[in-house]
Amino acid sequence: MEASLSHNTLVHFRFNPEHKSERGGHGLGSNCSGTSGDPLILKVPVGTILYDDLTGEQIHDFVRPNDQIVIARGGRGGRGNQHFATSTHQAPREHELGRAGEERSYRLELRLLADAGLVGYPNVGKSTLISRLSAARPKVADYAFTTLEPNLGVVSVGEFPFEQSFTIADLPGLIEGAHLGAGLGIQFLRHIERTSVIVHLVDVSDGSGRPDPVEDFKVITEELRAFDPALAAKPTILVAAKVDVANPAKLKKLRASAKRRKLPFYEISAVTGQGIEPLTFAIAELVAKHRGAPLPEALPPKKRKPAYPPLASSARGRAR
């Protein structure tokens, strides 16, 4: 199995879940071995995690392009009749059966590789914000759970030659109890595990139907902590969304809460563009600070070993 940049989904496994490598050939005359079957290489997107389907054990995490591992080894051919020849039994009819190849059952899980993740209640403006920051064009509508799948965008800041870029993911809206399966959150919480920075959007308008923006922040933060305690410890930017129609009391309360928690705080309107540029530079700065060591663009291709040991020099001479 190999990580590939030319694949971005696992859909090619959905209708073809079983794969088998090519069969080797029979032994030939003049003491020649049979041909080895060509290896079957399954391509998966970068960000795929391989699990053993029986035990649930994580086998490998494909985080680099061209990252390749052997997930099942082919069988080895048996010895032919010539191996049983003796001085008194020069034309033996005995032979040895080959060994069966390995058979494995795996589960594949694809997680987004994003530097920053947008989280918050449904309909707080995450999709509109990512459409302003990047070229991504997610569905935007005035109702909850508009986003049914994560959206990924690439954001560029600065001017050439000092331009800097990062990836940002718009995750479907979370609600209370998401880590237990409520709403859509349990399907997508795993995607935020790879992000370096969390951008937490809170609706400060009266259109949210929720009276306390600080409580909104606490609920979503607890959902992240319940799913994985490490998520709540990630660097977080608190964003007051929809300030063009903000309730002043809500905005003031959320601003005071961010100050007490010592969180970076920004006020934006994704519709009018207010505060978008300062937020973009703040995300880029925090991503650059907390981003891990850069991964190489691609691993060097591995040299494959022959499936069978080479023939002895005497046998090679007779084969010629």
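The values are calculated or read from the model by the stated rules, or taken from the named source; none is laboratory data. Fair warning: this is a prediction, and the values are worked out from it, not measured in the lab. Don't worry about glycine lacking a Cβ; one is built from the backbone with ideal geometry, like all the others, and counts go over all protein chains shown. Accessible surface is based on the protein model in full, side chains and every heavy atom, while ligands, DNA and RNA are left aside. Shrake-Rupley method; radii C 1.70, N 1.55, O 1.52, S 1.80 Å.
On full extension, the segment bounded by ALA226 and LEU113 gains 38.5 nm, given 0.36 nm per residue less the C-alpha separation. Label positions at THR9 and VAL70, each projected 7 Å from the Cα along the C-beta direction, are separated by 3.4 nm. Using the beta-carbon distance between ALA256 and ARG210 and R0 = 22 Å, what value does 1/(1 + (r/R0)^6) give for FRET efficiency, to the nearest 0.05? Between ALA256 and ARG210 the formula returns 0.80.
The simple Förster model, with R0 at 25 Å and r as the Cβ-Cβ distance, assigns PHE160 and GLU193 a FRET efficiency of 0.15. In the range 9-79, the convex hull through the Cα atoms has an average projected area of 6.6 nm², a quarter of its surface area.
The simple spin-label model puts a point 7 Å past each Cα toward its Cβ; for SER105 and HIS83 those points are separated by 3.2 nm.
Computed over protein heavy atoms with a 1.4 angstrom probe, the accessible surface ordering of ARG260, ARG64, ARG79, largest first, is ARG260, ARG79, ARG64. Charged side chains reduced to their Cβ positions (Lys and Arg at +1, Asp and Glu at -1) give the range 1-128 a dipole of some 200 debye around its Cα centre.
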